[in-house]
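Below is one structure, written out as structure tokens; comments come after it.
The values are calculated or read from the model by the stated rules, or taken from the named source; none is laboratory data. Predicted model, so just to flag it, every value in this text is computed and none were measured. Cβ placement follows ideal geometry from the backbone for every residue including glycine, while neighbour counts extend to all protein chains displayed.
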Amino acid sequence: MFAVMSTSDQAPYVIASYVITLGGIGLYVWRLLARARKIAPQVREEDRPWT
Amino acid sequence: MDLSPREVVPTAQGRKRKRPWLAMSVLGLVLVGGGVMVVMFLNNAVDYYCNVDEVGVKDGCDVGRNIRIQGVVQEGSVEQTAAEYSFVIAYNGKEMPISVGSQPSGIFQECIPVVVRGQAVDEGDGVVFLGDEVIVKHDNEYDAENADRLEQSNAEAAACSQKG
Amino acid sequence: MTPTPTPSPGRTTDARPTGTRFTRVLGAAVLLGLAWLVLFGLFLSPNDEKQKAGVRILYIHVPTAWLAYLAFIVTGIASAAYLFKRTRSLTWDRIAGASAEIGVLFMGITLVTGSLWGRISWGIFWTWDSRLTTTAFLFVTYIGYLAVRNLGGTHQQRARRSAIIALLAVLEVPLVHFSVKWWRPLHQQESVAEGKLSGLMLFSLFVGLIAFTLLYVWLLLHRQRVLAMEDALDDQGLDVALAERRAEGAQV
């Protein structure tokens, strides 16, 4: 693909859209799991019915 | 997941929210932002553009008024001089010569539908559209790029001039 | 005051307190799906005849838009379930809140990828046509919804307030979806239902759709559980504060 795309100026936009998408999701997931780890020890076992 | 109804006891009563001002200011921004959007949308016509055959015919598509017009760039009509960039667009059998300052960006090419913002001006010997901005309006058909398909692209080019 | 953890079989680890066996399997599938999306979207699918490489943005732009719609519809359904007396439970409220947050994330991605795509195919990042405007409006509406959820009060007040807003906000979804049919926009019409994508392009879109759907479910489960823990902490808060005060008093 890069061989094909390098001839056009579209490549940076296409790559940026994938990087922003995956990066944004990754950041959200990381913050979500960090929050979970932080508060879990303070929460009673019976308040975590999925465990 | 336990979805069974429980006894409703109001919970977290009297707890202090740490940052209600944050929620408040976000809400304020949302209301302002929503308002701006509605205004921007209403300042633009509800229909984003007029088709070429509607210029001077349909309400709101008058000659001499700031409008957007849509049509297909005609094959062989693109000309570039030092001062201007011109081409002809057509829709439903009506043609409109377009004159803009510089080469349009995006995937501008012949046989592609475009939307031009500007004014239709009656120059005595016919109407010319003086464009400020050219936007490529891509349709929703996709096809793999293939160098061997010369025949088909020729057929499409023929279809392009028919479309107009 | 930390309650002593009692080890029990099937208990989640402290490293992943909101994970279960199901979410772990699902998470692996999500990673696989996203890897496939990158593989097909960026490498294996062909360039478009007119759009060239730009078409590759479609494989994330369209699935995230659809999943954002779905997320907002789920928020609406869960909100209705909360307001309906026989099914009233704060769990529904938390599902609504979690789904709206994920919807905002996906809609934000749709707007960013859409404007990048707009730049390379239309030549502009943004314009006020009907599809773009209604999408942006939907996006800020749900940011407003999330702000309302954080205004404070009891959990029941939060749930009722936000549920009513969610039921109004979800009416915007059909408005956005049909905006390209009702008005004449710059944005293109739907191309999938009409079969205007060919072979590998359609397959790449399909891969994106599966990957983002699995991701949505994974995020919803985790976010909903974190919300449940936060609510439990709020409820516990008062007890803990009192207990700490008592402990301090005992030490003196």
(message) I need the full set of residues from the range C:91-130 which are touching a Gly at 6+ places or on another chain (Cβ under 9 Å), part of a helix (DSSP H, G or I) and within 11 Å of chain B (Cβ to nearest Cβ), in order please.
(response) C:117, C:118, C:119, C:120, C:121
(request) Mind listing whichever residues of the range C:168-178 are in contact (Cβ under 8 Å) with a residue 60 or more places away in the chain and either part of a loop (DSSP other than H, G, I, E, B) or hydroxyl-bearing (Ser, Thr, Tyr) (or both)? (result) C:170
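When you scan the range C:70-89, how many residues do you find that are surrounded by fewer than 20 Cβ atoms within 10 Å (Cβ to Cβ) and assigned to a helix (DSSP H, G or I)?
Residues in the range C:70-89 being surrounded by fewer than 20 Cβ atoms within 10 Å (Cβ to Cβ) and assigned to a helix (DSSP H, G or I): 9 in total.
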(request) Please verify whether the range C:179-202 includes one or more residues that are assigned to a helix (DSSP H, G or I), surrounded by 15 or more Cβ atoms within 10 Å (Cβ to Cβ) and of a type in the set (Gly, Ala, Ser). (result) yes
(message) I'm checking my understanding of the structure. Among residues of the range B:9-45 that are more than 7 Å from chain C (Cβ to nearest Cβ) and modelled with pLDDT under 70, which one is nearest to residue C:92 (Cα to Cα)?
(response) B:9
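Residue-by-condition table, conditions (1) farther than 30 Å from residue B:143 by Cβ; (2) surrounded by fewer than 13 Cβ atoms within 10 Å (Cβ to Cβ); (3) at pLDDT 95 or above; (4) touching a Lys or Arg at 6+ places or on another chain (Cβ under 8 Å):
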site: C:15; (1), (2), (3), (4): yes, yes, no, yes
site: C:21; (1), (2), (3), (4): yes, yes, no, no
site: C:29; (1), (2), (3), (4): yes, no, yes, no
site: C:43; (1), (2), (3), (4): no, yes, no, no
site: C:46; (1), (2), (3), (4): no, no, no, no
(request) Just give me the residues in the range A:30-45 being within 7 Å of another protein chain (Cβ to nearest Cβ) and of a type outside the set (A, V, I, L, M), in sequence order. (result) A:35, A:37, A:41, A:42, A:44, A:45
(request) Starting from residues that are more than 7 Å from every other protein chain (Cβ to nearest Cβ) and surrounded by fewer than 20 Cβ atoms within 10 Å (Cβ to Cβ), keep the ones in the range C:150-164 and report whichever is modelled with the lowest pLDDT. (result) C:153
